[in-house]
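See structure below.
We did not get these values from a lab; they are worked out from the coordinates using the rules stated. Predicted model only: the values in this text are computed from it and were never measured. Cβ: placed from backbone, ideal geometry, glycine included. Neighbour counts: every protein chain shown.
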Amino acid sequence: MANAKPLTRLYFRGDIAAHGECRLPPAAAHHVQHVLRLHPGAALTLFDGEGVEHDAVIVRVGQGGVTVQVGAQRAVDRESPLRIVLAQGVSAGERMDYTIQKAVELGVTAVQPVVSSRSVVRLDAQRGAKRVAHWQAVAAAACEQCGRNRVPPVQPVMPFASWLGACDPRATQALLLSPRATLGVRDLQRPGTAITLLAGPEGGLAPEEQQAAERAGFTPVKLGPRVLRTETAAVAAIAALQTLWGDF
C-alpha cells in the first residue's frame, strides 16, 4: 500500500539470532512499551549497526520486558559512496545533538568532536565520556529514523591541536568551513571517495587555529555570502557535498 506506515526500526547492539526469540535491550523495550505503545503482533525491523537488518514480530510485552520473534535477515547497504568524516567543534547542548543527528541522516561516516579555543563547552575526561555516549545514542536514533543499517562512530573528544596533529589531511580531501574563504563548494575539484570536513563551534575557529589547519593542508571553503550558525554550517556543507558527489 502506498500509504502504509513504515515499520518501526530499532538498533539492537550485538548479535541478533536469526529465526529465534530474543529480548530487546531495556532502553529499546521501554521505547516500544511506553512510548510507541506497541502490542504483541506488531512488526519491527531490528538492525545490528554493522549493515544487517532483521524482520521481527513482538510476541510478549510485560514487566519482564519485550520479547520478539526474529525472522529473515538482509544485508542492506544505504551508505553513501562519499565517505565524510565530520570534525565538529563542540557546541553547547542541543546544538551539538542537532548537528550529529542531521549529519548522520545526511550520510556522514564518522563524527570527531573537537574542543577549540572558542568552544563554550569544556569537558573533563568523565564528562567527555558521558557526552560521547549520549552523542552515540543520538547517532543510533538517527539511523533508526533514516534507514541506515551502519551506525557511524562518534569518536572520543579531542583538543583541537591534538586532533590536528594526529590527522593526515593528505589521505582525504580536507576542507575547512570558513566564511572568509574565497572558494565555494562548487569551486572545488571532485574529490576521491573520502572527505574530512572541519567545522568550528560557536564563534568559529580562532585565527591561529584556522591558520594551523591551512598549514596542515586544509582548504578553506565558504557556504555563500552569509555566516551560518555552528549547528547549520556542517549540515549545509554535507548536503552540498552529497549533492555534488554523493548519492543525492
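The C-alpha atoms of the chain define a longest principal axis, and helix 94-105 lies at about 70 degrees to it. If you plug the beta carbon distance of ALA133 and THR193 into 1/(1 + (r/R0)^6) with R0 = 25 Å, you get a FRET efficiency near 0.25. Normalised by 2.2 N^0.38 Å, with N the number of residues, the alpha-carbon radius of gyration of the chain equals 1.12.
Each DSSP beta bridge with both residues in the chain is either parallel or antiparallel, and the antiparallel ones are about 40%.
Taking THR230, THR182, THR196 as the candidate residues, the one with maximal mean-square fluctuation in a Gaussian network model of the chain, Cα springs under 10 Å, is THR182.
Each of MET96, MET158 was scored by other Cβ atoms within 10 Å of its Cβ. Arranged with the fewest first, they read MET158, MET96.
Considering only ALA133, ALA234, ALA213, the Gaussian network model of the chain with Cα springs below 10 Å gives its largest mean-square fluctuation to ALA133. In terms of other Cβ atoms within 10 Å, LEU24, LEU188, LEU197, LEU36 run from fewest to most in the order LEU36, LEU188, LEU24, LEU197. In this rough spin-label picture, where each label sits 7 Å from Cα along the Cβ direction, the VAL120-ARG229 distance is 1.0 nm.
Can you tell me which of ASP124, ASP97, ASP77 moves the most in a GNM of the chain? Springs connect C-alpha atoms under 10 Å apart. Residue with maximal mean-square fluctuation among ASP124, ASP97, ASP77: ASP124. Dividing the mean sequence gap of close Cα pairs (under 8 Å, 6+ apart) by how many residues the range 8-72 holds gives a relative contact order of 41 percent. Using a cutoff of 8 angstrom between alpha carbon atoms and counting only pairs six or more residues apart, the relative contact order for the range 76-139 works out to 41 percent.
As I understand it, the dipole of the range 24-140 uses +1 on the Cβ of Lys and Arg and -1 on the Cβ of Asp and Glu, about the Cα centre. Which of GLN33, SER91, GLY107 lies farthest toward its positive end? Final value for the positive-end residue is SER91. The angle between the Cα long axis of helix 125-146 and the main principal axis of the chain comes to about 60°, on a 0 to 90 degree scale. Taking the C-alpha atoms only, the angle from helix 230-245 to the longest principal axis of the chain is near 80 degrees. Charged side chains reduced to their Cβ positions (Lys and Arg at +1, Asp and Glu at -1) give the chain a dipole of some 400 debye around its Cα centre. Its relative contact order, with pairs defined as Cα atoms under 8 Å and 6+ residues apart, puts the chain at 20 percent.
The fewest-to-most ranking of LYS130, LYS102 by surrounding Cβ atoms within 10 Å reads LYS130, LYS102.
The range 111-135 and the range 188-248 have Cα centres spaced 20 Å apart.
What the phi angles of the range 150-155 give under the Karplus curve with 6.51, -1.76 and 1.60, with θ = phi - 60°, is a coupling list of 10, 8, x, x, 9, 6 Hz, glycine and proline written as x. Put a dot 7 Å past the Cα of ALA72, heading toward its Cβ, do the same for ALA171, and the two dots end up 3.9 nm apart. Treating each Cα of the range 8-75 as one equal point scatterer and applying the Debye formula with no solvent, the log10 of I(q)/I(0) at q = 0.27 Å⁻¹ comes out as -1.28.
Only helices enter this figure: runs of n ≥ 4 DSSP H residues, each worth -39500 (n - 2.57), summed and divided by the residues of the chain, yield -9000 deg cm²/dmol at 222 nm to the nearest 500. Each residue of the range 110-117 was assigned a 3J(HN,Hα) from its phi angle through the Karplus expression (A = 6.51, B = -1.76, C = 1.60, θ = phi - 60°), giving 7, 10, 10, x, 10, 9, 10, 5 Hz with x at Gly and Pro.
The 3J(HN,Hα) values that the Karplus relation (6.51, -1.76, 1.60; θ = phi - 60°) gives for the range 55-60 are, in residue order, 6, 8, 9, 5, 10, 8 Hz. Gly and Pro appear as x.
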